[in-house]
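Engineer: Got a structure for you, questions after.
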There are 2 protein chains.
Amino acid sequence: ARPPSRAFASHELLHSPMHAANPACAMDQGRPCRHPLSNESENRRLLAHEQAIKGHFAAIIPALKRLAAQQHEADFPERAQRLADADLGFTLPVGILEDAWIAKLDMRALYGACVMHTIRLMAEQTQVAPPLQNSDEMSSFLLDCGYHAVDITPCSDGRLKGLIRYILRLPDDAVRSRKAYAGAMFDVEANVKRWIETELMRYREGRPVPADAGTRYLKIVVYHWSSSDPAHEGCAAHHSNERDAAEAGLGRLREFRQAIENSFCCGASVDTLLIGVDTDTDGIKVHVPDADGEMSLYRWVSNLTLYKETLNEDASTARLKVYQAIQAASATDGWGKGNGEPHEGMRRLIATLLINNLSQIEYVCGNWEGRYPDIGHNERFISVGDGFEEFQVRNLAYFVYLHTVEEGGPDLDVGIQIFSRINVLHGLPVPVAIHFRYDRRVPGSRERTVEHCQRVKAAIESRYAELHRQGLLVCGMTVQDKASGSPIEALEANGAAALRSAR
Amino acid sequence: ARPPSRAFASHELLHSPMHAANPACAMDQGRPCRHPLSNESENRRLLAHEQAIKGHFAAIIPALKRLAAQQHEADFPERAQRLADADLGFTLPVGILEDAWIAKLDMRALYGACVMHTIRLMAEQTQVAPPLQNSDEMSSFLLDCGYHAVDITPCSDGRLKGLIRYILRLPDDAVRSRKAYAGAMFDVEANVKRWIETELMRYREGRPVPADAGTRYLKIVVYHWSSSDPAHEGCAAHHSNERDAAEAGLGRLREFRQAIENSFCCGASVDTLLIGVDTDTDGIKVHVPDADGEMSLYRWVSNLTLYKETLNEDASTARLKVYQAIQAASATDGWGKGNGEPHEGMRRLIATLLINNLSQIEYVCGNWEGRYPDIGHNERFISVGDGFEEFQVRNLAYFVYLHTVEEGGPDLDVGIQIFSRINVLHGLPVPVAIHFRYDRRVPGSRERTVEHCQRVKAAIESRYAELHRQGLLVCGMTVQDKASGSPIEALEANGAAALRSAR
Ligand SMILES: [Zn+2]
Ligand SMILES: [Zn+2]
Ligand SMILES: [Zn+2]
Ligand SMILES: [Zn+2]
C-alpha cells in the first residue's frame, strides 16, 4: 500500500474523491500539470484515437437495449436496421432480426455479431488514418543504439494492449514482434526460430543491416502490476504477485539468451530487457542491465518517481536527470548490485523509453487524474492468433498469440476466466476474434491460413463446449495479408463449414 | 493390372503359386538371381537387422498367449516374470500381474506395455550396433552433386518406414530431415522454417559448406502404390489412387519451391524431386526433372524395369544403362515432354538412388520372391512426434510427424483407421509411441519437451476417447536428446499427471 502523502491532498479532493491521491503529480487548483519532456499534441491525437475506438464499442449495448424494446413491433427488421445504421454504422444480420417474432431476439448472437462488425469497421478506419509516428526515424535510432530488431512480449492482459503505441510510444513498424502470452511467458523455441529468421535476413539481404554490423537482437519482456489494488488487479497468470511476474519474466529472458548462446557458435547472443508496467498509471519500471547484460529484480528505475522529480525542471535538466536515474540504478548496492553500467546504446534506449513514457504518465494524469477509472479488466473481446496490428488501445482486447489451442489453451483459459466475470455473468457471450495473417506471395498460403482459422475455431468451441452450447461463445474469423496496410478479410462461418466437409 | 508374362511362368509356379509371377527377375530353377550392381553383404546385414527387430515384436503375442493360459495358477506373478524374461527379454509391470486373480489378466494393458518395452529394448540394441553405412562419404557425394541438405518427406504409411536405410540405401546422417505426413502432404510453412535454419548455418558457420558454394537444398517427396492390389493397398490418404498421390506430391513440391522463391530475394531456390515406391516390391520410380527443375507425372524411370534389363549385364554395362535410362526419360515426348536434361549433379544423384535401389529390389527378390508376403498394412505401432531414428524397418510403424494433434490429427486418423483393422478388430489396443527430442544445451528444453509429450498424449486420448475408455489405446512417452546416439528416456505416465496438476 502506498503511504498517504500530504502534498497530494488538495488534488485528491478536487478530482477524485473516491480514489487515493493522484500518484504522479502535484498540481495546484486543478490546473493540469505539464512535464517539460511530454508531447502534448501526440497526447491529444492518442486521446482522440482511444475515444473513437472505445466509443464505437460502447455504443453497442445501448443500441441493443433499444432494439430489445422494439422487437415485437410489426416492422421490426426495418426499424432495427435503421437504428443500427445510425447508432453503430453498419447493418445487422438479417436472419437474426427476421426470426425475432418466433420466440425473441437472439441477443447473444446479435451482440457477438456487433462486436465482430465493430472490429472490422474500426480496422478500416484506422487504416485510413495516417500513422502517428515516424517509424524510419525510430528504426535508425534503434540501429544507432545497436539493435537491428526489437521483439517485445507483453502479458496477454488487455491493460497492456496499448503498450507499444501508448505506454512506450514506439511506432508499430519499429517493433519486429509483439506476440503476447499470459504472464508474458513466451515460447523459447518459437522465439529462437524468429531470431534465426531475422539473422538470415541480415546475412542474405543485409536487411536492416549486414550481419557484420555488430548490432544485436533485443528481446523485451513486459510484466505488470496494479499499484492501487496489488493483490487483486495484478497479473492473473501470476496470481497478482508482482514479484512472481517479474521473476518469471526474467527467468524466461535468461533461458532465451542461453538458448541462443548454447545453440549457436561464434559468439551468438542477444540483449534482453525486463520492463514492468503499473497498469493503473501506465508508469513503467525499467530493470537496468549491467555491463554483462544481466538484470536484477532489485535494480530498476521507476518512471513515476522520475516524473515527479522532473516535473518542474526545464527540458535539458529533466533529460539529464533521466540519465542520472539510470546511472543511479546501475550503482545500486546490496541485492541489486550488478557489474557496472550497460553499454551506451542500451543506456540511450532506456532513456528514450523513459522519456516516451513520461508523456503517457501525463496522458493518464491529464485525462484521468493519474489513475485510470477502470483499473481492472474491462476488455471488449478476446483476440486470438496473430492479433490485430490495428488495435492498440488499453483494455480493448485480451490478446493471446497462439498457433494452436493445444499449446496456447492455458493462456486462453486465463482470458475466458476474465470474460466469465465481465461478460458471461451478465448473460453476454465471450467474443473471440480469431485472426491470422497469410503471405500473398506464397502459393496456397491464404487457403492454408483460412483452414488454420477454422481449425482454431473448432478447437476453441470444443475446449469451451458448454459456453458454446449456450451461445455464450461467439467466434469471428478474419485473415489478412502480411504486407503492411492490407485489408482485414472476414471469413464466413458457413464457408468454413463447407470447406471442412469438402476435405 | 500387369499383363501376364510368359517369361516368368516357370518361376511363378516354382516359388509363389498363390501370387503372380516374381515381378523383378527371371531365374532358373530357383537359383537366386544376382544383379551385378547389388550389394550382397549389405543385403545380408539388413536382413539380419529386419529379422531381429521383427522377431522381437513377433514374440509378444505368443508369450502373452502362454501367460493367458497360466493366469489362474497360484504362483502366476513369478511364473509370468520368468516367462517374459526368457521370451521377451524384459519383465512385466508387477501391478497388472498381481491384479490378475481379481478378475482376469488385463491383456490390453499388458500388450501395450510389451510393445512399449520392446521399442525401448530395440532402440538400445540398435544403438550398440555400428552404423551400416558411411555417412561422411555420402555427404561428400551429395555435396559433389550440388546438395548441402537433403530433406525427404515420405508418406506416414508403415510400408515406407524402411525408406532411407532399405529402399534408398542412404546413411541416416546424410538426410537432414525425414518427417512423414499422411499422403506425404508436408507442411509448407514449417518446411520453409527448416530451410531458413539450414541457410543460416551455412552463412554463420559455413556448415556444411559456405553460403557462396553454389549448392542447394534438395526436397524429395515419396509417394507409393501397390502393384499387386492397386485399388486397395495403395496410399490410404489418396484413396489408393497412384496418380492422385503422385500429383499431390508434385503440387506440394511446387508450392514449397515457389514459397522459397517468392519469399526470399537474390535468386533463392531449392531443387525438388518426386519419387514413387511400389510397396510390394520396393522398386522405385524416379520422376526426372528437366533443365528448369520441373517434373512431370509422365516422365520417369522405373527401376523394376531397369533391374530386369540389366540383370544379366556386367557391372559397367549395367551402370551405363542406368544413365541411359535417365537420358531416355529426359527425352520423353508427348505429355511428359520437358525442357531437356537436369543438371549433372541431379543426374548423378538419380543414378545413385536407382543403383542403391537395385540392391533393395534384389533383397525383396531373394528373400520374398520379389514381392513381400505382407503387401498390406502390418504395422506394430503408431509412432508420433519426432519419430525414432532407430527404427527404419518396413511395416514396423505408421509414423506421423506432428507438433500438435490439433494440426496433425487428420494424419493420425489415417493411422488409427489402419489399426482399427489390424488391432482393434481382434481386441488388441492401438499402441501409440509418442517421442520428442529435446536439446540438452538449451535450459528448460527437456522439461518443455516432457510437457509437450504429455500435452500430445492428452490430446490423443481426448481425440480417440472411446478407444481410450475401452483400454484400446495405449500411449507410451519417450524423450531423447538431439545429439546423435543419445539414449531414449521413458517417461512415467504418473510423473506426467503429477507435473500437469502442479502447473
Ligand atoms: Zn498479466
Ligand atoms: Zn497531473
Ligand atoms: Zn500413403
Ligand atoms: Zn530374383
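Engineer: With the condition kept exactly as written, say whether any residue in region B:302-324 is under 19 Å from B:Leu250 (Cα atoms) and either within 28 Å of the chain's Cα centre (by Cα) or surrounded by 23 or more Cβ atoms within 10 Å (Cβ to Cβ) (or both). Quick ask: steps written out before the conclusion?
Structural biologist: Residues of region B:302-324 under 19 Å from B:Leu250 (Cα atoms): B:302.
Going one step further and asking which of them are either within 28 Å of the chain's Cα centre (by Cα) or surrounded by 23 or more Cβ atoms within 10 Å (Cβ to Cβ) (or both), we end up with B:302.
Scanning region B:302-324 turns up at least one residue that is under 19 Å from B:Leu250 (Cα atoms) and either within 28 Å of the chain's Cα centre (by Cα) or surrounded by 23 or more Cβ atoms within 10 Å (Cβ to Cβ) (or both).
Engineer: Next up: Exactly one condition in (1) modelled with pLDDT of 95 or more; (2) buried (at least 18 other Cβ atoms within 10 Å of the Cβ); (3) at negative phi is false for B:Glu341; which is it?
Structural biologist: That leaves (2) as the condition not met.
Engineer: Hey, another quick one. How many of the residues making up region A:400-420 are under 18 Å from A:Gly471 (Cβ atoms) and either at pLDDT below 95 or within 14 Å of chain B (Cβ to nearest Cβ) (or both)?
Structural biologist: Applying the first criterion (under 18 Å from A:Gly471 (Cβ atoms)) to region A:400-420 yields A:416, A:419-420.
Subset that is either at pLDDT below 95 or within 14 Å of chain B (Cβ to nearest Cβ) (or both): none.
Residues flagged as under 18 Å from A:Gly471 (Cβ atoms) and either at pLDDT below 95 or within 14 Å of chain B (Cβ to nearest Cβ) (or both) within region A:400-420 amount to 0.
Engineer: Out of A:Val150, A:Val175, report the one residue that is over 14 Å from A:Val277 (Cβ atoms), modelled with pLDDT of 95 or more and more than 16 Å from ligand 4 (Cβ to nearest atom).
Structural biologist: Values: A:Val175 fails: modelled with pLDDT of 95 or more.
It is A:Val150.
Engineer: Taking region B:421-445, which residues are within 14 Å of chain A (Cβ to nearest Cβ) and without any contact (Cβ under 8 Å) to a residue 24 or more places away in the chain?
Structural biologist: Once the filter is applied, which keeps residues that are within 14 Å of chain A (Cβ to nearest Cβ) and without any contact (Cβ under 8 Å) to a residue 24 or more places away in the chain, region B:421-445 yields B:Arg441, B:Val442, B:Pro443, B:Gly444, B:Ser445.
Engineer: Same structure again: Residue by residue through region B:341-368, note down the ones that are over 22 Å from the mean Cα position of the chain (by Cα) and either within 16 Å of ligand 4 (Cβ to nearest atom) or assigned to a helix (DSSP H, G or I) (or both).
Structural biologist: Pass one, region B:341-368, residues over 22 Å from the mean Cα position of the chain (by Cα): B:341-348.
Once the filter is applied, which keeps residues that are over 22 Å from the mean Cα position of the chain (by Cα) and either within 16 Å of ligand 4 (Cβ to nearest atom) or assigned to a helix (DSSP H, G or I) (or both), region B:341-368 yields B:Glu344, B:Gly345, B:Met346, B:Arg347, B:Arg348.
Engineer: For the structure I just gave you, tell me whether B:Ile220 is away from ligand 1 (no atom under 16 Å from the Cβ), at pLDDT 95 or above and part of a helix (DSSP H, G or I).
Structural biologist: On the way: away from ligand 1 (no atom under 16 Å from the Cβ): yes; at pLDDT 95 or above: yes; part of a helix (DSSP H, G or I): no.
Criteria not met by B:Ile220.
Engineer: Collect the residues in region A:163-216 that are among the small types (Gly, Ala, Ser) and more than 16 Å from ligand 1 (Cβ to nearest atom), keeping them in residue-number order. Spell out how you get there, then give the answer.
Structural biologist: Our first condition is that a residue be among the small types (Gly, Ala, Ser); within region A:163-216, this holds for A:174, A:177, A:180, A:182-184, A:190, A:206, A:211, A:213-214.
Matches in region A:163-216: A:Ala174, A:Ser177, A:Ala190, A:Gly206, A:Ala211, A:Ala213, A:Gly214.
Engineer: Same structure, new question: For a quick check of your reading of the model, give me the residue pairs whose first member lies in region A:78-103 and is touching a residue at least 60 places away in the same chain (Cβ under 8 Å), whose second is surrounded by 14 or more Cβ atoms within 10 Å (Cβ to Cβ), with beta-carbon atoms closer than 6 Å and at least 6 apart or on different chains.
Structural biologist: As it stands, the answer is none, since no pair meets every condition given.
Engineer: While we're on this one: Kindly list the number of the only condition in (1) more than 19 Å from A:Arg380 (Cβ to Cβ); (2) surrounded by fewer than 20 Cβ atoms within 10 Å (Cβ to Cβ) that fails for A:Val456.
Structural biologist: Evaluating A:Val456 over (1) more than 19 Å from A:Arg380 (Cβ to Cβ); (2) surrounded by fewer than 20 Cβ atoms within 10 Å (Cβ to Cβ) leaves (2) as the failure.
Engineer: Against the condition under 24 Å from A:Gln327 (Cβ atoms), within 14 Å of chain B (Cβ to nearest Cβ) and polar (S, T, N, Q), how does A:Thr272 come out, does it pass?
Structural biologist: Working: under 24 Å from A:Gln327 (Cβ atoms): yes; within 14 Å of chain B (Cβ to nearest Cβ): yes; polar (S, T, N, Q): yes.
It is true that A:Thr272 is under 24 Å from A:Gln327 (Cβ atoms), within 14 Å of chain B (Cβ to nearest Cβ) and polar (S, T, N, Q).
Engineer: Just wondering, is there one or more residues in region B:352-367 that are among the hydrophobic types (A, V, I, L, M, F, W, C) and free of Cβ contacts under 8 Å to residues at least 60 places away in the same chain? Lay out the reasoning, then the answer.
Structural biologist: So the first thing to find is which residues in region B:352-367 are among the hydrophobic types (A, V, I, L, M, F, W, C), and the list is B:353-355, B:358, B:361, B:364-365.
Pick out the ones that are also free of Cβ contacts under 8 Å to residues at least 60 places away in the same chain and you get none.
No.
Engineer: Out of (1) closer than 26 Å to A:Asn395 by Cβ; (2) not in a helix (DSSP H, G or I), what's the single condition that is false for A:Glu73?
Structural biologist: Only one criterion is unmet by A:Glu73, namely (1).
Engineer: State the number of residues belonging to region B:480-503 that are modelled with pLDDT of 95 or more and within 14 Å of another protein chain (Cβ to nearest Cβ).
Structural biologist: Final tally of qualifying residues: 1.
Engineer: Taking A:Ile53 as the residue in question, decide whether it is crowded, with 18+ Cβ neighbours inside 10 Å, modelled with pLDDT of 90 or more and within 30 Å of A:Leu97 (Cα to Cα).
Structural biologist: yes
Engineer: Let me ask something else. I'm trying to understand the selection: among the residues of region B:36-51, which are assigned to a loop (DSSP other than H, G, I, E, B) and touching a Phe, Trp or Tyr at 6+ places or on another chain (Cβ under 9 Å)? Walk me through how you get there before you give the answer.
Structural biologist: Restricting attention to region B:36-51, the residues satisfying the condition of being assigned to a loop (DSSP other than H, G, I, E, B) are B:36-39.
Of everything in region B:36-51, just one residue is assigned to a loop (DSSP other than H, G, I, E, B) and touching a Phe, Trp or Tyr at 6+ places or on another chain (Cβ under 9 Å), namely B:Ser38.
Engineer: Please specify each residue of region A:446-469 satisfying the condition of being within 24 Å of B:Asn191 (Cα to Cα), among the β-branched types (Val, Ile, Thr) and within 13 Å of chain B (Cβ to nearest Cβ).
Structural biologist: Hits for region A:446-469 are A:Thr449, A:Val456.
Engineer: When you go through (1) more than 18 Å from the chain's Cα centre (by Cα); (2) crowded, with 21+ Cβ neighbours inside 10 Å; (3) over 24 Å from A:Asn262 (Cα atoms) one by one for A:Glu205, which number turns out not to apply?
Structural biologist: (2)
Engineer: B:Gly112 fails exactly one of the following numbered conditions: (1) touching a residue at least 12 places away in the same chain (Cβ under 8 Å); (2) in a loop (DSSP other than H, G, I, E, B); (3) under 32 Å from the mean Cα position of the chain (by Cα). What is the number of that condition?
Structural biologist: (2)
Engineer: Here's another thing I want to ask about it. Identify, please: which residue in region B:134-170 is within 16 Å of ligand 3 (Cβ to nearest atom) and in a loop (DSSP other than H, G, I, E, B) and is, among those, farthest from the other protein chains (Cβ to nearest Cβ)?
Structural biologist: Restricting to residues being within 16 Å of ligand 3 (Cβ to nearest atom) and in a loop (DSSP other than H, G, I, E, B), the top hit is B:Gly162.
Engineer: Mind listing whichever residues of region B:235-264 are in contact (Cβ under 8 Å) with a residue 24 or more places away in the chain and either assigned to a loop (DSSP other than H, G, I, E, B) or within 11 Å of another protein chain (Cβ to nearest Cβ) (or both)?
Structural biologist: Residues of region B:235-264 in contact (Cβ under 8 Å) with a residue 24 or more places away in the chain: B:235-238, B:242-243, B:245-250, B:252-253, B:255-257, B:259-260, B:263.
Listed by number, the residues that qualify are B:Cys235, B:Arg252, B:Glu255, B:Phe256, B:Arg257, B:Ala259, B:Ile260, B:Ser263.
Engineer: Further question: Starting from residues that are among the charged types (D, E, K, R) and within 25 Å of the chain's Cα centre (by Cα), keep the ones in region A:456-475 and report whichever is nearest to B:Leu250 (Cα to Cα). Talk me through it step by step, then tell me what you get.
Structural biologist: First, the residues of region A:456-475 that are among the charged types (D, E, K, R): A:457, A:461, A:463, A:466, A:469.
Among the residues that remain, those that are also within 25 Å of the chain's Cα centre (by Cα) are: A:457, A:461, A:463.
Details: A:Lys457: 30, A:Glu461: 35, A:Arg463: 36 Å.
Of everything passing the filter in region A:456-475, A:Lys457 is nearest to B:Leu250 (Cα to Cα).
Engineer: Same structure, new question: Residues being part of a helix (DSSP H, G or I) and away from chain B (no Cβ under 11 Å): count how many of those fall in region A:174-211. Can you show your working first?
Structural biologist: Just the residues of region A:174-211 that are part of a helix (DSSP H, G or I), to begin with: A:174, A:182-184, A:188-205, A:211.
After this cut, where a residue has to be away from chain B (no Cβ under 11 Å) as well, the list is A:174, A:182-184, A:191.
The qualifying residues number 5.
Engineer: Step by step: first the residues of region B:73-109, then only those that are of a type in the set (Val, Ile, Thr) and under 22 Å from B:Pro431 (Cα atoms), then the one that is nearest to the chain's Cα centre (by Cα). Which residue is that?
Structural biologist: First, the residues of region B:73-109 that are of a type in the set (Val, Ile, Thr): B:91, B:94, B:96, B:102.
Filter once more, so that each one left must be under 22 Å from B:Pro431 (Cα atoms): B:91, B:94, B:96.
Numbers: B:Thr91: 29, B:Val94: 34, B:Ile96: 33 Å.
So, considering only residues that are of a type in the set (Val, Ile, Thr) and under 22 Å from B:Pro431 (Cα atoms), the one nearest to the chain's Cα centre (by Cα) is B:Thr91.
Engineer: OK, next. So which residues in region A:261-289 are closer than 17 Å to B:Arg440 by Cβ and in contact with a Ser or Thr (Cβ under 6 Å, 6 or more places away or on another chain)?
Structural biologist: Just the residues of region A:261-289 that are closer than 17 Å to B:Arg440 by Cβ, to begin with: A:261-265.
Result: A:Glu261, single match.
Engineer: Looking only at region B:304-340, which residues are assigned to a helix (DSSP H, G or I) and under 19 Å from B:Leu218 (Cβ atoms)? Please lay out each step first, then the result.
Structural biologist: Kept after step one, since they are assigned to a helix (DSSP H, G or I), are these residues of region B:304-340: B:304-310, B:315-330, B:334-336.
Once the filter is applied, which keeps residues that are assigned to a helix (DSSP H, G or I) and under 19 Å from B:Leu218 (Cβ atoms), region B:304-340 yields B:Ile326, B:Ala329, B:Ser330.
Engineer: Inside region B:205-229, can you point out the residues that are touching a residue at least 12 places away in the same chain (Cβ under 8 Å), of a type outside the set (A, V, I, L, M) and more than 13 Å from ligand 3 (Cβ to nearest atom)?
Structural biologist: Correct list: B:Pro208, B:Gly214, B:Thr215, B:Arg216, B:Tyr217, B:Lys219, B:Ser227, B:Ser228, B:Asp229.
Engineer: Going residue by residue through region A:371-382, is there one that turns out to be acidic (Asp, Glu) and within 25 Å of A:Ser226 (Cα to Cα)?
Structural biologist: Filtering region A:371-382 for residues acidic (Asp, Glu) gives A:374, A:379.
Add one more test, that the residue is within 25 Å of A:Ser226 (Cα to Cα), and what stays is A:374, A:379.
Within region A:371-382, one or more residues are acidic (Asp, Glu) and within 25 Å of A:Ser226 (Cα to Cα).
The values are calculated or read from the model by the stated rules, or taken from the named source; none is laboratory data. Everything numeric here is computed off the predicted structure, so don't read it as measured data. Here Cβ is always computed from backbone atoms with ideal geometry, including for glycine, and neighbour counts include all displayed protein chains.
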